[in-house]
Amino acid sequence: MIKPSHLAIFCILHSALCILLASCTTEDYRTGDGNYSYYSAEMATLSLEDTMVSRAELDDDRVLVFESPLKSAVLRKNFSQSLMGDSCRLMLHFNKGAESPTTVKSTRIHGADAVMMPNVALADTLKKEVKTDPLNIISSWKSRNGKFYNYNLSVKTGTKGEDSQPQTIGIVCDSVTASTVYLRLAHDQRNVPEFYSVDAFLSISRKQIDDILNHYSVTPSPGVKVNLSVNTYQGKKIISLL
């Protein structure tokens, strides 16, 4: 169910977004250089309903099995921007072990990047205009299982003295048709210096897109398109994902 009365805002701190998960593991595991051991970085959705998290769903619907479980309480604390109810969405960095058509074994998790999961705000319910300060889009893709629209952003940041002012990012829906949902990336630089760039990841769930269409009583055509308008340092760009 969408919440049209406010714009969900998510913070980008001046520091790097990668938060290591060493404190989440139950033991230190050092992998060898076996035939099945190699480094991978993939988006995954983790259920936080249990105290310990031992697996995640990859974007191709395969289950990633952890060698060392993670503490759900630590994930909730460190990745509050990545939460979807009792689930958490992360870009996981891990050593991939043996694979099958349905599972992948992880021999070691090295760390994770937060994946922002904003509630999409409806433009016709906003009380004031939102900012669209520039940033850059590195890449965009729809997940293999069709559940998420994914974006890799490049955000300029820095500090002056001891200030740690956070930037904010959100998503606004401007309009919909039977074939296209028109979204806009909201970004407030908030006077943060632009000394260097950091990567940021953002996902919009297909369920949110369906909720928006239902809200406006629009029946989507097969293969509905999501257009995201982004103000970049090179000018306005429209990112289209089917």
> Where Rh is the Kirkwood radius over the Cα pairs of the range 114-185, the temperature 37 °C and the viscosity 0.692 mPa s, what D in µm²/s does Stokes-Einstein return?
Replying inline: 223 µm²/s
>> Could you work out how much longer the chain between Ala41 and Arg190 gets when fully extended? Use 0.36 nm per residue separation minus the Cα distance between them, nm to one decimal.
In response: 50.6 nm
>> Tell me the accessible surface of Met84 in square angstrom (1.4 angstrom probe, heavy atoms of protein chains only), to the nearest ten.
In response: 60 Å²
> Roughly how many nanometres apart are two label points built 7 Å out from the Cα toward the Cβ at Ser179 and Arg206?
Replying inline: 2.0 nm
> Long-range amide H contacts for Lys71: which residues qualify at under 5 Å (H placed 1.01 Å from N, peptide plane, sequence gap of 5 or more or a different chain)?
Replying inline: Val53
> the range 112-149 to the range 186-242: how many Å between their Cα centroids?
Replying inline: 4 Å
>> For Cα pairs less than 8 Å apart in space and 6+ apart in sequence, what is the mean separation divided by the residue count of the range 137-242, i.e. the relative contact order in percent?
In response: 30 percent
> When the Kirkwood radius is taken over all Cα pairs of the range 111-242, what Stokes-Einstein diffusion coefficient follows at 20 °C and 1.002 mPa s, in µm²/s?
Replying inline: 137 µm²/s
> Which FRET efficiency value, to the nearest 0.05, is calculated for Tyr233 and Met52 with the Förster distance at 35 angstrom and r the Cβ-Cβ distance?
Replying inline: 0.25
>> Run the simple label-point estimate for Ser240 and Ser87 please: 7 Å along Cα→C-beta, distance reported in nm.
In response: 2.8 nm
> Of Lys147/Lys236; Lys71/Lys207; Lys105/Lys237; Lys207/Lys237; Lys96/Lys237; Lys77/Lys160, which pairs sit farther than 32 Å apart, going by alpha carbon to alpha carbon?
Replying inline: Lys105/Lys237; Lys96/Lys237
>> Can you tell me the mean projection area, over all orientations, of the convex hull of the range 48-146's alpha carbons? Units nm², please.
In response: 8.6 nm²
> So what is the accessible area of the range 137-214 per residue, in Å², with the probe set to 1.4 Å?
Replying inline: 43 Å²
> Between Ala123 and Ser80, what is the spin-label point distance in nm, taking each point 7 Å from the Cα along the Cα→C-beta axis?
Replying inline: 3.1 nm
> On the accessible surface of the range 89-242, probed at 1.4 Å, how many percent belong to carbon and sulfur atoms?
Replying inline: 48 percent
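The values are calculated or read from the model by the stated rules, or taken from the named source; none is laboratory data. Since the structure is predicted, the reported quantities are computational estimates derived from the model, not experimental observations. When we count neighbours, we look across all protein chains shown, and the Cβ atoms used for this are built from the backbone with ideal geometry, even at glycine. For accessibility, only protein heavy atoms count, side chains too; no ligands or nucleic acids. Shrake-Rupley method; radii C 1.70, N 1.55, O 1.52, S 1.80 Å.
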